Amino acid sequence: QVQLVESGGGSVQAGGSRRLSCVVSGGGYTYSSFFCMGWFRQAPGKELEGVARIYTRSGTTVYADSVKGRFTISQDISKNTTYLQMNSLKAEDTAMYYCAASLSARCTVVAALSPSGYNYWGQGTQVTVSS
């Protein structure tokens, strides 16, 4: 059974930073078995939004326009871990943040930030930004 465990959430003031981590394990897969690792978020009353994606084999990244220049997704394959460094946080970044893993090559092209392109999900970690 594949498990994704997020950590690093919490409360931060606007303009501050936070780093989220996601460790993937189980299911007989290695980290590189997944084409992509992604971060998504969902604010109260809003739809799930794709934030960032990394193609595990090349390290190439894709970002939502709302976070470009502020957030950075990265990975440490030796630790089966994906990170999301969040800088210059805004109140509108407040949300539950989810890590997801994709076994489909679609995540490298058309489904980069689409929840439908991902097979496995973590339980989420809350980030609250106060202004």
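The values are calculated or read from the model by the stated rules, or taken from the named source; none is laboratory data. From a predicted model like this one, the values you see are computed outputs, not experimental measurements. Don't worry about glycine lacking a Cβ; one is built from the backbone with ideal geometry, like all the others, and counts go over all protein chains shown. With ligands, DNA and RNA removed, areas are computed over all heavy atoms of the protein, side chains included. Shrake-Rupley method; radii C 1.70, N 1.55, O 1.52, S 1.80 Å.
Out of G59, G69, which single residue is part of a loop (DSSP other than H, G, I, E, B), farther than 20 Å from G122 by Cβ and open to solvent by 60 Å² or more (accessible area, probe 1.4 Å)?
So the residue among G59, G69 that is part of a loop (DSSP other than H, G, I, E, B), farther than 20 Å from G122 by Cβ and open to solvent by 60 Å² or more (accessible area, probe 1.4 Å) is G69.
Based on this model, can you work out whether V23 counts as in a strand (DSSP E or B), among the hydrophobic types (A, V, I, L, M, F, W, C) and within 14 Å of T125 (Cβ to Cβ)?
The answer is yes for V23.
I'd like to check something: does segment 112-127 contain any residue that is in contact with a Cys (Cβ under 7 Å, 6 or more places away or on another chain), closer than 16 Å to T30 by Cα and part of a strand (DSSP E or B)?
Checked against the condition, which is being in contact with a Cys (Cβ under 7 Å, 6 or more places away or on another chain), closer than 16 Å to T30 by Cα and part of a strand (DSSP E or B), segment 112-127 yields no hits at all.
S74 - would you say it is in a strand (DSSP E or B), at pLDDT 95 or above, surrounded by 13 or more Cβ atoms within 10 Å (Cβ to Cβ) and of a type in the set (G, A, S)?
Answer is yes for this residue.
Taking segment 12-59 as the region of interest, how many residues are farther than 20 Å from S131 by Cβ and small (G, A, S)?
12
What's the number of the only condition in (1) over 23 Å from V127 (Cα atoms); (2) open to solvent by less than 70 Å² (accessible area, probe 1.4 Å); (3) among the aromatic types (F, W, Y) that Y29 fails to meet?
All conditions pass for Y29, except number (2).
Please specify each residue of segment 91-108 satisfying the condition of being part of a helix (DSSP H, G or I) and among the hydrophobic types (A, V, I, L, M, F, W, C).
Passing the criteria: A91, A105, C107.
Being among the hydroxyl-bearing types (S, T, Y) and either surrounded by fewer than 19 Cβ atoms within 10 Å (Cβ to Cβ) or without any contact (Cβ under 8 Å) to a residue 12 or more places away in the chain (or both) is the filter; apply it to segment 95-119 and report the residue that is farthest from Q75 (Cα to Cα).
That would be S116.
For segment 39-56: of the residues being surrounded by fewer than 16 Cβ atoms within 10 Å (Cβ to Cβ) and among the small types (G, A, S), which is nearest to S114 (Cα to Cα)?
Only one residue fits best here, namely A43.
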